[in-house]
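First the structure, in the form of structure tokens, and then the observations on it.
The values are calculated or read from the model by the stated rules, or taken from the named source; none is laboratory data. What you see is a predicted model; the values in this text were computed from it and never measured. FYI the Cβ positions are ideal-geometry reconstructions off the backbone, even for glycines, and counts take in every protein chain you see.
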Amino acid sequence: MNEQKEKTSDYFAHESAYIDPGAEIRQGTKIWHFSHVMGGAKIGRDCSLGQNVFVANRVAIGNGCKIQNNVSLYEGVVLEDYVFCGPSMVFTNVKTPRSEFPRNTSDDYGTTLIKRGASIGANATIVCGVTLYECAFVAAGAVVTKDVPAYGMVAGVPARLVGWMSAYGDVLEFDATGLAVDSQGVSYQKFSSMTIKKVK
């Protein structure tokens, strides 16, 4: 058990996990087997990091995030609150990587923003520089190369918009007036082919 883990009781880290000095980890977070959190990372409250998760320097993770097994969050990745990252999904952080000419500074890394409530399915790939807006849903195996609108569902390679999903997780069916109501009684209004909003 390393020194950082011995000094804190606010979060749980399995004895096989490595938490580098300087990492900020909030209360109630759990970090499981063989995971590695670098010293410049910030992780919020009540998160769950599964087996073999890597969190790089200058990565920010909000509250209530669930990061499943075998996910690496490289520099430039920002997760807001309640983001779900499915098993073995992939974030990239350099658009034109070259082994012979490595990118060594934070200026070389693209920023990828995953906003509150978004979900990313197993084995999906999120190419750096995109934003997944609130409650976006990425299907398993999709390759996301451009921004995904709030509540948008995308699938395929490359990923394309295939529908809409409520914050609760219901597929939305809109009536002739562009209104949809999910199973919790929450209403959503479609304003264009690429824009819907929660209205109550």
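Just to check your reading of the model, which residue among 134, 100 is in a loop (DSSP other than H, G, I, E, B), within 21 Å of residue 79 (Cα to Cα) and of a type in the set (Asp, Glu)? Show your work before the answer.
Details: 100 fails: within 21 Å of residue 79 (Cα to Cα).
Going through 134, 100 in turn, the sole match is 134.
What residue, of 155, 176, 118, 124, is crowded, with 16+ Cβ neighbours inside 10 Å and either farther than 26 Å from residue 63 by Cα or modelled with pLDDT under 95 (or both)?
On the way: 176 fails: crowded, with 16+ Cβ neighbours inside 10 Å; 118 fails: either farther than 26 Å from residue 63 by Cα or modelled with pLDDT under 95 (or both); 124 fails: either farther than 26 Å from residue 63 by Cα or modelled with pLDDT under 95 (or both).
155 is the lone residue from the list that is crowded, with 16+ Cβ neighbours inside 10 Å and either farther than 26 Å from residue 63 by Cα or modelled with pLDDT under 95 (or both).
Can we say residue 171 is modelled with pLDDT under 95, surrounded by fewer than 16 Cβ atoms within 10 Å (Cβ to Cβ) and either hydrophobic (A, V, I, L, M, F, W, C) or within 26 Å of the chain's Cα centre (by Cα) (or both)? Spell out how you get there, then give the answer.
Details: modelled with pLDDT under 95: no; surrounded by fewer than 16 Cβ atoms within 10 Å (Cβ to Cβ): yes; either hydrophobic (A, V, I, L, M, F, W, C) or within 26 Å of the chain's Cα centre (by Cα) (or both): yes.
No: the conditions fail for residue 171.
Kindly establish whether residue 160 is within 14 Å of the chain's Cα centre (by Cα) and at pLDDT 95 or above.
Numbers: within 14 Å of the chain's Cα centre (by Cα): no; at pLDDT 95 or above: yes.
Considered against the rule, which asks whether it is within 14 Å of the chain's Cα centre (by Cα) and at pLDDT 95 or above, residue 160 comes out as no.
Any residue that is among the small types (Gly, Ala, Ser) and without any contact (Cβ under 8 Å) to a residue 24 or more places away in the chain - is there at least one of those in region 99-119? Let's see the steps before the verdict.
First, the residues of region 99-119 that are among the small types (Gly, Ala, Ser): 99, 106, 110, 117-119.
The next check asks that each one be without any contact (Cβ under 8 Å) to a residue 24 or more places away in the chain; those that pass are 99.
Scanning region 99-119, I find at least one residue that is among the small types (Gly, Ala, Ser) and without any contact (Cβ under 8 Å) to a residue 24 or more places away in the chain, so the answer is yes.
Over 22 Å from residue 47 (Cβ atoms), touching a Lys or Arg at 6+ places or on another chain (Cβ under 9 Å), surrounded by 12 or more Cβ atoms within 10 Å (Cβ to Cβ) and among the small types (Gly, Ala, Ser): is that true of residue 163 in this structure?
Numbers: over 22 Å from residue 47 (Cβ atoms): yes; touching a Lys or Arg at 6+ places or on another chain (Cβ under 9 Å): no; surrounded by 12 or more Cβ atoms within 10 Å (Cβ to Cβ): yes; among the small types (Gly, Ala, Ser): yes.
No, not satisfied.
Of the residues 76, 64, which is within 15 Å of the chain's Cα centre (by Cα), modelled with pLDDT under 95 and at positive phi? Show your work before the answer.
On the way: 64 fails: modelled with pLDDT under 95.
Exactly one residue qualifies, and that residue is 76.
Kindly check whether there is at least one residue in region 148-159 that is aromatic (Phe, Trp, Tyr) and outside any loop (DSSP other than H, G, I, E, B). Let's see the steps before the verdict.
Taking region 148-159 as the starting set, the residues that turn out to be aromatic (Phe, Trp, Tyr) are 151.
Okay, now just the ones that are also outside any loop (DSSP other than H, G, I, E, B), so none.
Looking for residues that are aromatic (Phe, Trp, Tyr) and outside any loop (DSSP other than H, G, I, E, B), one finds none in region 148-159, hence no.
Step by step: first the residues of region 95-115, then only those that are at pLDDT 90 or above, of a type outside the set (A, V, I, L, M, F, W, C) and under 20 Å from residue 159 (Cα atoms), then the one that is surrounded by the fewest Cβ atoms within 10 Å (Cβ to Cβ). Which residue is that?
If we take residues in region 95-115 being at pLDDT 90 or above, of a type outside the set (A, V, I, L, M, F, W, C) and under 20 Å from residue 159 (Cα atoms), then 111 is surrounded by the fewest Cβ atoms within 10 Å (Cβ to Cβ).
Across region 39-68, what is the total count of residues that are assigned to a loop (DSSP other than H, G, I, E, B), free of Cβ contacts under 8 Å to residues at least 40 places away in the same chain and out of contact with any Phe, Trp or Tyr (no Cβ under 8 Å at 6 or more places or on another chain)? Quick ask: steps written out before the conclusion?
Here is the first cut: in region 39-68, the ones assigned to a loop (DSSP other than H, G, I, E, B) are 39-41, 44-47, 50-53, 56-59, 62-65, 68.
Checking which are free of Cβ contacts under 8 Å to residues at least 40 places away in the same chain leaves us with 39-41, 44-47, 50-53, 56-57, 59, 63-65.
Those still in the list that are out of contact with any Phe, Trp or Tyr (no Cβ under 8 Å at 6 or more places or on another chain) too: 39-41, 44-47, 57.
Residues flagged as assigned to a loop (DSSP other than H, G, I, E, B), free of Cβ contacts under 8 Å to residues at least 40 places away in the same chain and out of contact with any Phe, Trp or Tyr (no Cβ under 8 Å at 6 or more places or on another chain) within region 39-68 amount to 8.
Quick check on residue 133: is it under 17 Å from residue 118 (Cα atoms), of a type in the set (Ser, Thr, Tyr) and in contact with a strand residue (DSSP E or B) (Cβ under 9 Å, 6 or more places away or on another chain)?
When the stated conditions are applied, residue 133 passes them.
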